[in-house]
Each structure stands twice: as C-alpha cells, then as structure tokens.
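Scroll down for the structure; my scribbles are underneath it.
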C-alpha cells in the first residue's frame with residue numbers, strides 16, 4: 001500500500017483530500033502537515049511514498065522550498081495541487097523534482113490517476129497545467145521530424161501513460177527496445193521530458209487533449 005502525507009494549512013482542503021483517499025485500498029494516509037515548520041520533522045520521521053501539497057495557502061511554502069524537500073526524504077514523490085498557474089512557478093516545480101501538478105478543478109478520478117502515475121515514477125499534469133506549459137514550450141518544440149510508424153505508436157502509448165513494460169507487451173518487443181525507441185524519439189524531437197512529449201503528441205494529433 002502506498003503511504004501518503006497531506007500538507008496544507010487549510011482544513012477543508014485537507015479534509016477533502018482525505019475523503020478521496022478514504023475508500024481507496026491502494027493508498028494509506030499516514031500523516032498531515034499543517035504549517036511550514038512541520039515539513040522537516042514529518043518527512044524525516046514518516047518518509048511517505050507521496051507528499052500531496054496544497055500550494056495555495058498564503059505563506060505556506062515557496063516553490064524553491066518545495067523543490068528542496070526531496071533532500072529530506074529521497075523516497076518521497078511530490079504532488080502539488082494548486083490554482084496558482086504562473087508559468088515560471090509551474091515550470092520551476094516540475095523541473096525541480098515535483099512529479100505531479102493538478103488544479104483544484106480536477107475530479108476524484110484524475111487525482112487518483114495522478115497518484116497512480118506518481119507511484120510509477122511518472123509525471124502527471126492536468127489539462128490546465130498542460131495549457132500553461134504548452135504556452136511556454138510550443139515554440140521551443142521541434143514539430144517537424146522524420147518519425148517512423150513504430151515511433152509514432154510508442155509516442156501515443158507513452159502519452160496515454162502506459163509503462164515501458166506495458167508498451168513492450170502491447171507491441172511484442174523487449175523493454176530494452178522500448179527504452180531505445182524512447183531515447184531516439186526524444187533526440188529526434190529535441191525534447192527533454194515526458195511532459196514535453198505529451199505536448200508534442202497533442203499538438204500533432206497523435207492523442208486528443210485530455211478531458212477533465
């Protein structure tokens with residue numbers, strides 16, 4: 001079972017998230033953080049698999065501080081839930097080790113999907129966050145490339161959040177071959193992260209935009 005700690009200074013926000021986790025057997029809430037001073041002691045003592053942070057609380061924790069939390073518990077993966085959509089802030093968090101970024105408009109299924117992806121070590125962002133990143137990255141991503149049919153299919157499966165093992169099984173190839181294709185795809189497209197690959201897939205019509 002995946003252990004989760006919730007961080008946020010707003011009581012109702014914490015209770016709402018606890019309700020979402022309440023009837024799910026895959027996740028176990030093991031603690032709460034209600035103010036900035038509790039981050040260090042809680043993470044060091046509990047070492048949760050996932051830390052969920054309500055990052056809308058005023059004076060709660062800054063983006064640069066949030067990115068430093070991995071040093072307290074290297075095993076802990078971070079999911080941010082925030083309606084603060086400034087491009088620089090979103091990109092800084094995603095580049096700084098945060099694996100998931102959702103807004104408070106996201107529904108239960110999408111929140112659980114984000115948690116499941118994060119458990120696998122995969123980044124997960126919702127539609128609004130994709131829009132923010134896309135506005136920043138659209139002109140930086142090379143959309144013209146010589147992709148093979150196999151590479152397009154792998155891009156589609158990656159963008160649909162299949163794991164490397166699942167892709168290998170679906171296409172009847174080895175995991176090593178999947179890794180090789182991924183490396184070649186990222187090089188051809190001049191991309192640096194799975195999030196950018198998803199943006200490419202949406203822009204080229206390989207997959208439709210996500211629906212919340």
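The values are calculated or read from the model by the stated rules, or taken from the named source; none is laboratory data. Computed from a predicted model, the values in this text were never measured in an experiment. As a convention, Cβ positions derive from the backbone with ideal geometry for all residues, glycine included, and neighbour counts pool all protein chains shown.
Quick look at the values:
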{"read-out": "Residue 83 vs. criteria part of a loop (DSSP other than H, G, I, E, B), assigned by TED's automatic domain parsing to the domain that holds residue 47 and out of contact with any strand residue (DSSP E or B) (no Cβ under 8 Å at 6 or more places or on another chain)", "value": "yes"}
{"read-out": "Matching option when the condition is within 30 Å of residue 66 (Cα to Cα) and at pLDDT below 90, among 174, 117", "value": "117"}
{"read-out": "Test result for residue 76, within 14 Å of the chain's Cα centre (by Cα) and either under 25 Å from residue 195 (Cβ atoms) or without any contact (Cβ under 8 Å) to a residue 60 or more places away in the chain (or both)", "value": "yes"}
{"read-out": "Checklist (1) touching a helix residue (DSSP H, G or I) at 6+ places or on another chain (Cβ under 7 Å); (2) at pLDDT below 90 applied to residue 30, failing item", "value": "(2)"}
{"read-out": "Residues of the range 176-191 that turn out to be on the phi < 0 side of the Ramachandran plot and surrounded by fewer than 14 Cβ atoms within 10 Å (Cβ to Cβ), as a count", "value": "5"}
{"read-out": "Matching residues, the range 25-49, being surrounded by fewer than 16 Cβ atoms within 10 Å (Cβ to Cβ) and farther than 22 Å from residue 71 by Cβ", "value": "25, 26, 28"}
{"read-out": "Any chance residue 147 is crowded, with 16+ Cβ neighbours inside 10 Å and closer than 24 Å to residue 90 by Cα", "value": "no"}
